[in-house]
Amino acid sequence: MSIILDKVSHVYSPGNAYETTALSNVSLKIEDNEFLGIIGHTGSGKSTLIQHMNGLLKPSSGTIYYNGKDTSKKDFPRKELRSKVGMVFQYPEHQLFEPTVFEDVCFGPKNLGLSKEEVDDRVYEALKLVEFPEELISASPFDLSGGQKRRAAIAGVLAMKPDILILDEPTAGLDPKGRDEILGMIDKMHKKTKNTVVLVSHSMEDIARFVDRIIVMNHGKIEYDDTPKGVFNNYKELEQMGLRAPEITYLMNDMLRYGFDVSSDVTTIEEAKKEILKLYGIN
Amino acid sequence: MGIIKAKDVSYQYIRRDEEDNIEDVNVALDKINIEVEKGQFICILGHNGSGKSTFAKHINALLTPSEGTLWVDGLDTSEEDKVMSIRQKAGMVFQNPDNQIIASIVEEDVGFGPENMGVPTDEIWERVIRSLKAVDMWEYRDHSPNKLSGGQKQRVAIAGVMAMEPECIVADEPTAMLDPLGRQEVIEALHQLNREKHVTVILITHYMEEVVDADKVYVMHNGKVSLQGTPREIFSQVERLKELSLDVPQVTLLAHELKQAGLDIQDGILTRQELIDSLPR
Amino acid sequence: MFRELTIGQYYPGDSIIHRLDPRVKLMGALLFIVSVFLASNIFSILVVTAFLIAIIVLCKVPLSFMLKGLRSIVLLLVIAGIFNLFLTPGTVLFQLGFLHITDVGIKNCIFMIIRMTYLIVGTSVMTLTTTPNALTAGLEKSLGFLKKIRIPVHEIAMMMSIALRFIPILVEETDKIMKAQMARGADFESGGVFKRAKSMVPILVPLFVSAFRRANDLALAMEARCYNGGDGRTKMKPLKYNQSDKNAYALEIGFVALTIIANILYNRYVSGLFANMLGV
């Protein structure tokens, strides 16, 4: 189920005064079952990049292969691509429109032309995956709390059973509890169903906690493509791009400077705790 | 009396059905007592639905207490003829940067408040210039707000409030929809106004990093003030904050976990430097 | 598709035309429209053309940018042109089956295309050189007399300027919602009229919900900034005439007068001459 982007560029409004190159010469392979993070400041091309992955945008040049097949070919099943690569946009609750949560989650699978039973099965399964409270399934989506709305909206995408799930800042605007719940749920699902997850986020802490690999976007190009440790080691370069490393990475670097014998490529609280306790011989 | 004083302020949202019968009563504020001194930088924390936004709207007299009294610079917000002077004294910045900018050009938006107050034209211009410069947005004065970043839009909104020359700015989650860079810009702008123009700032947020430099912090939970104190006092209570489903800054959390593992570290660590200094050598 | 629309857009600049009072430009546009319709012969068309060229040069907006606005109505122009060309009675010049082209038809067709083009270009000079807010302020002030008959001129003007501010935001939002629903397998392109109309529901419902939420937020934000209707408000940019505005008014009136004079001259001297030449 891999996606390969080969030298993909995207230009908005070509040949006009507003012409902007949002992506230039991006090559990237997304492997099966991986948890990939994408970071970059606003306007770095992240959103444009992910919209290429499910065919919502077509590259101005370059090729995108899905399962080894060229997506620009005439006979390529574009609709199938959209169902296999699920996209959860920023503030996904803004796309809810049906009178009940249940009906709204039905929208995606129905569009796939599935039988009524199959649709129902998928809807319940998806709502269960996002841990949506059962008693609210026939409530109006507009009466839900912010976190519940978002779960319902994510379920709407999951019900299409995508092999690859792309989430664009799924925690934007939520409070710490809502944030932890949504991320925790995504992580649990990833471990359980072994699906591929692509997470776009502004929170370096969240990225460091969950993903296996990070893509750093800057001015429409891939600046780094590495493990979290590998990427955050370059915190000075990240700052130049309007990004940061997790606070913990800064702490470890400060400690090194003060003569503590710790490793600098630590990105999470858990790792930092181990590293510091080791200094004092506590396990 | 402080610039803002809330005494036993309660507020209920009442939902009625079609026949005007009461269907549901939701207590959003429950006997709130808060007093803010002139020139302070105050933070109010709390998860969504804790009542913090409802309280913010009270300071601007957009809502008035169901019970209790709230004074802004000595004026009772329940008295209708005081509403305009209260709104002028306590300006408000909202969460969504797009939905509070009225004009299609930055400078005209900043002038909107003074226009409503009936300020003479020449003075409106002086205020607009001063306010835009104070938030470092002067060079964007003739831009369309649609072309600005989130952080820039929020700074325009702050300038719009500053142009009304308020005593106090209430910012209701002004950074919730911004990226980290924008968040930093907005928080810095608020601190700068507080420092240089001595404006009282009440910042409502759930980002703990934004709270560290405040003079005083109130934590709201289920419509009540459940914790109050300096940032250090608040962040010494990591377990309690977790119960209230709130975060603590990463460094504070690490320090707390190290202490629990047996290291001799003080409570309420707020910065990296403090943590390094308190590690046993 | 929305990006192509230049009608009603503002083109930032600092030309003489940009600096004119919006009321002068509103009146100018009105008088220009009158003149375009008055101009019924080659003389007066030349007067109007000269005036149009003069303001296009003066406003310093690139011609290409202005003509882009025309692109969206080319089809309309062509259809109207064809109707005029073939369906006008008069002396038949060509005959092609049941279609015939008459001398009057050719004349009407040419005049119609010139008029439409001039109208679009002429009025777009006004919108290109005036910010939406200045335009609404101009309207508010020009129509101020209507307040006496209890028409809420200020409120209408405020609504207009808010609408102008939010149109680009809602356009962007529509695009976002459309993409989100497409990602859920929605299909907006195939099917008959009825199916297509039905397929708009997943876009329209979220769009309305969002518009209402924004309206609600905005109302609160306006209230918080002491907005209380038009009474007692002062203006940051009050409209004041200066010398160049007065000169512009004089020029506008002169221009209409010249168009009328050109018409009279043509009718009195030239049209008779042609008639003689053709032996009618």
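The values are calculated or read from the model by the stated rules, or taken from the named source; none is laboratory data. Because the structure is predicted, anything quoted here is derived from the model rather than measured. Every residue, glycine among them, receives a Cβ derived from its backbone with ideal geometry; neighbour counts consider all protein chains shown. Side chains are part of the model used for accessible areas, which takes the heavy atoms of the whole protein and leaves out ligands, DNA and RNA. Shrake-Rupley method; radii C 1.70, N 1.55, O 1.52, S 1.80 Å.
Report the calculated FRET efficiency for C:LEU239 and C:THR174 (r = Cβ-Cβ distance, R0 = 35 Å), to the nearest 0.05.
On the way: r = 35 Å, r/R0 = 0.99.
After rounding to 0.05, the efficiency reads 0.50.
Build a GNM of chain C with springs between Cα atoms under 10 Å apart, and of C:TYR266, C:TYR118, C:TYR227 the one that fluctuates most is C:TYR227. Surface composition of segment C:145-280: carbon plus sulfur atoms contribute 68% of the solvent-accessible area (1.4 Å probe, protein chains only, all chains present).
Using alpha-carbon positions, what is the distance between the centroids of segment A:230-251 and segment B:133-158, in Å? If we compute the Cα centre of each part, the gap is 28 Å.
Send over the Kirkwood Rh of segment C:141-280, from the inverse of the averaged 1/r over different Cα pairs, rounded to one decimal Å. Radius from the Kirkwood sum: 21.6 Å. Surface burial for B against C, with a 1.4 Å probe and both sides summed, reaches about 3000 Å² of accessible area. Here segment B:135-203 is treated as a sphere whose radius is the Kirkwood value from Cα pairs; by Stokes-Einstein at 20 °C and 1.002 mPa s it diffuses with a coefficient of 175 µm²/s.
In percent, rounded to a whole number, the relative contact order of chain C is 30, using alpha-carbon pairs under 8 Å and six or more apart. One compactness figure for segment A:153-233 is 1.14, namely its Cα radius of gyration divided by 2.2 N^0.38 Å.
By per-residue mean of other Cβ atoms within 10 Å, what is the highest-first order of B:112-122, C:56-66? Could you put the intermediate results ahead of the total?
Numbers: B:112-122: 19.8, C:56-66: 14.4.
The packing order, highest mean first, is B:112-122, C:56-66.
Among the residues of segment B:239-276, those with an accessible-area drop of 40 Å² or more from chain alone to full protein complex, heavy atoms and 1.4 Å probe, are B:SER245, B:ASP247, B:GLN250, B:LEU254, B:GLU257, B:LEU258, B:ALA261, B:LEU263, B:ARG272, B:ILE276.
Rounded to the nearest 500 deg cm²/dmol, what is the calculated helix-only ellipticity per residue at 222 nm for chain B, with -39500 (n - 2.57) per DSSP H run of length n ≥ 4?
Working: 11 runs with 99 residues, N = 281.
Only helices count here, giving -10000 deg cm²/dmol.
Binning the C-alpha pair distances of segment A:1-150 at 5 Å intervals from 0 yields a P(r) profile of 2, 8, 15, 17, 16, 14, 13, 10, 5, 1, 0 %, listed from the shortest bin outward.
For segment A:10-65, the fraction of C-alpha pairs farther apart than 16 angstrom is 47 percent.
Counting only protein heavy atoms and a probe of 1.4 Å, the accessible surface of segment B:18-150 is 41% carbon and sulfur.
Taking 40 Å² as the minimum loss, tell me which residues in segment B:26-61 lose that much accessible area going from the chain by itself to the full protein complex (1.4 Å probe). Flagged in segment B:26-61: B:ASN48. Here's the picture: a label point sits 7 Å out from the Cα of A:LYS79 along the beta-carbon direction, and within segment A:103-125 the residues with their amide nitrogen under 11 Å of it are A:111-114.
Enter the accessible area per residue of the protein assembly as shown (Å², integer; probe 1.4 Å; all protein chains in place).
Values: 39460 Å² over 844 residues.
For the protein assembly as shown, the solvent-accessible area averages 47 Å² per residue.
One equal scatterer on each Cα of chain C, no solvent, Debye formula: the resulting log10 I(q)/I(0) at q = 0.11, 0.12 Å⁻¹ is -0.90, -1.01. Stokes-Einstein diffusion for segment C:41-191 at 10 °C, viscosity 1.306 mPa s, with a Kirkwood radius from C-alpha pairs, works out to 80 µm²/s.
Run through segment C:117-198 and list the GluC sites (Glu not before Pro) located in a DSSP loop whose Cβ has at most 13 other Cβ atoms within 10 Å. Before the final figure, lay out each step's value.
Working: sites: C:GLU140, C:GLU155, C:GLU172, C:GLU173, C:GLU189; in loops: C:GLU189.
Sparse-neighbourhood loop GluC sites (Glu not before Pro): C:GLU189.
Measuring heavy-atom accessible area with a 1.4 angstrom probe and counting protein chains only, the residues of segment C:117-152 that give up at least 50 Å² relative to the chain alone are C:ASN133. Taking only the Cα atoms of chain A, the ratio Rg/Rh comes out at 1.01, with Rh defined as the Kirkwood radius. Taking all protein chains together and rolling a 1.4 Å probe, A:GLU237 ends up with roughly 80 Å² accessible. So what does A:ASP32 come to for accessible area, using a 1.4 Å probe and Å² rounded to 10? Roll a 1.4 Å probe over it and A:ASP32 shows about 80 Å². With the gyration tensor restricted to C-alpha atoms of segment B:89-220, the semi-axes of the equivalent ellipsoid amount to 23, 17, 12 Å, longest first.
Summary of the geometry: segment A:142-218 and segment B:193-267, compared by the centres of their Cα atoms, lie 26 Å apart.
Would you list C:VAL34, A:VAL26 from the most to the least accessible area, probe 1.4 Å?
Values: C:VAL34 70, A:VAL26 0 Å².
So, going from the largest accessible area down, we get C:VAL34, A:VAL26.
Chains C and A together bury roughly 1900 Å² of accessible area, counting both sides, with a 1.4 Å probe on protein heavy atoms only.
Would you mind giving the total buried accessible surface between chains A and B, with a 1.4 Å probe and ligands, DNA and RNA left out, rounded to the nearest 100 Å²? Intermediate values should be presented prior to the final figure.
Values: alone 14420 and 14080 Å², together 25710 Å².
Buried: approximately 2800 Å² between B and A.
Normalised by 2.2 N^0.38 Å, where N is the number of residues, the C-alpha radius of gyration of the protein assembly as shown stands at 1.12.
Kindly list the residues of segment C:24-54 that lie in the label zone of C:LEU119, defined by a backbone N under 15 Å from the point 7 Å along the Cα-to-C-beta vector. Output list for this probe position: C:29-40.
Put simply, the convex hull of the Cα atoms in segment C:157-231 casts, on average, a shadow of 6.4 nm². Between C:ILE53 and B:ASP17, the simple spin-label model (points 7 angstrom out along Cα→Cβ) gives 7.7 nm. Run the simple label-point estimate for A:GLU31 and A:LYS274 please: 7 Å along Cα→C-beta, distance reported in nm. In this crude label model, A:GLU31 to A:LYS274 measures out at 2.0 nm. Per residue, the convex hull spanned by the alpha carbons of chain B comes to 151 Å³.
Solvent-accessible surface (1.4 Å probe) assigned to A:VAL11 amounts to roughly 40 Å². Between B:LYS133 and B:SER278, the distance separating the two model label sites (each 7 Å from Cα on the Cα→Cβ line) works out to 4.3 nm.
Carbon and sulfur together cover what percent of the accessible area of chain A at a 1.4 Å probe radius?
Details: 5790 of 12140 Å².
That share works out to 48 percent.
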